[in-house]
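Q: Can you keep this structure in mind? I'll have questions shortly.
Each reported figure results from applying straightforward, stated rules to the coordinates on display, with no laboratory input. What you see is a predicted model; the values in this text were computed from it and never measured. A quick note on method: Cβ atoms are made from the backbone with ideal geometry, for glycine too, and the neighbour counts reach across all protein chains shown.
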Amino acid sequence: MECRVLSIQSHVVRGYVGNKSASFPLQVLGFEVDSINSVQFSNHTGYSHWKGQVLTADELHVLYEGIKLNNVHHYDYVLTVCDPVLGDHGSMYVPQNLYPVYKNKVVPVADIITPNQFEAELLTGKNISTQKDAVEVMDLLHAMGPDTVVITSSDLPPRLGDRFLVSLGSQRHVRPDGSRTTQRVRIEVPKVDAVFVGTGDLFAAMLLAWTHHHPNDLKTACEKTFSVMHHVIQRTISFAHELAGPGRRPSPPQLELRMVQSKADIEDPAIVTEATIIS
C-alpha cells in the first residue's frame, strides 16, 4: 500500500539539508514524498555566504490550500523539523517566546519526537543525570502526547568508552485490550570529529521510515536508523578528507552529505550499532 509523506522543511539549492536531506532517503525506502519548502536558500548557513527567502505563514498556508483544493492532501505522515529544535548544551536556538508554542502546541500533536538531552530537560523541567532519570523524562514526554521518543544524544557515561555518545528511545503501544506497554532502548553511538549540516533531518526521516516498517520494534528501528547515519557519515568523512588532503580540515562544501552515494546503505543498512533493551 502506498505511503505518502508531506515534508515541510527548509530547502537548499546546493548540498543536503531539510527537504533535500529527507526526501531522497524516504523515496529510496518506498515513500511518496510531497515537499513544501519553508525556506529556500542557495546553500545552508554553514557556508560563509547564503542567499534566499523565508516563506511566511500565509505563504505556506496558500501552498497547502492549493493541495487541499485538489483533494490530494491526504497523508500518512507529516514530517517537520519541529523535532523539537530548541537548543543544545544549555543554549537556546530559538527565541524564548517560542518555547511555550513547542511545549503546548507542537509536542502534544506529534507522534514521534527526537529531542537532545537539553531539549528533553527543557520540555519536562527534569534534569537527566542517570539512565533512570532519562526513562522518567521519556515517560513525561509520552504523557505530553508522543508515542515514540528518542533522546538523540545525552551526557550519560557510555559503557563503551568516551569515544561514544549515549542515545535512548522509548515507544509505547496500546494492546487490543486497551492496556499499554512500553519498549525502551539504549544505544551507544561513535562520536565523530566533524560538524555536519543536515544529519538531524536525515535522522528524523530515517526514524520515521524505520518505525513505519517496524511499528512494534523500536530496537530494530533504532538500529537501522543509527546504522544508516553511521554509513552516510563515514562515507562523507572519507570523501571530505580525500578532497581536503593530508593534514587539512575539510571545508563545508567538502562535508556535504554523500547521500546519493549511500543509496544501498539507506535501502538495506548493515547493522553496525546495536541497541539494548532497558527497563
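Q: For T220 and L160, compute 0.36 nm times the residue count separating them, minus their Cα-Cα distance, and round to one decimal in nm.
A: Contour length minus the Cα-Cα distance gives 19.6 nm.
Q: Segment 106-149 to segment 51-69: how many Å between their Cα centroids?
A: The distance from the Cα centre of segment 106-149 to that of segment 51-69 comes to 31 Å.
Q: Which lysines does K126 reach when only Cα atoms under 19 Å apart count, and residues fewer than 8 places away in its own chain are ignored?
A: Cα-Cα hits under 19 Å: K103.
Q: Still on this structure, I have one more. Under the rule that an exposed site lies in a DSSP loop and has at most 15 other Cβ atoms within 10 Å, name the longest stretch of the chain with no chymotrypsin sites (Phe, Trp or Tyr not before Pro) of that kind, not counting the sites themselves.
A: So the longest stretch without any such site is 94-279.
Q: Per DSSP H run of n ≥ 4, the term is -39500 (n - 2.57); total these for the chain, divide by its residue number, and report the mean residue ellipticity at 222 nm rounded to 500 deg cm²/dmol.
A: That comes out to -10500 deg cm²/dmol.
Q: Now for a separate question. So which lysines can K20 reach, going by Cα to Cα under 25 Å and dropping same-chain residues fewer than 8 places off?
A: Once the sequence-local lysines are set aside, what remains near K20 is K51, K68, K191, K224, K263.
Q: Expressed as a rounded percentage, what relative contact order does segment 84-278 have, with Cα pairs under 8 Å and six or more residues apart?
A: So the answer I get is 15 percent.
Q: For V94 and V109, compute 0.36 nm times the residue count separating them, minus their Cα-Cα distance, and round to one decimal in nm.
A: Residue separation times 0.36 nm, minus the Cα-Cα distance, leaves 3.4 nm.
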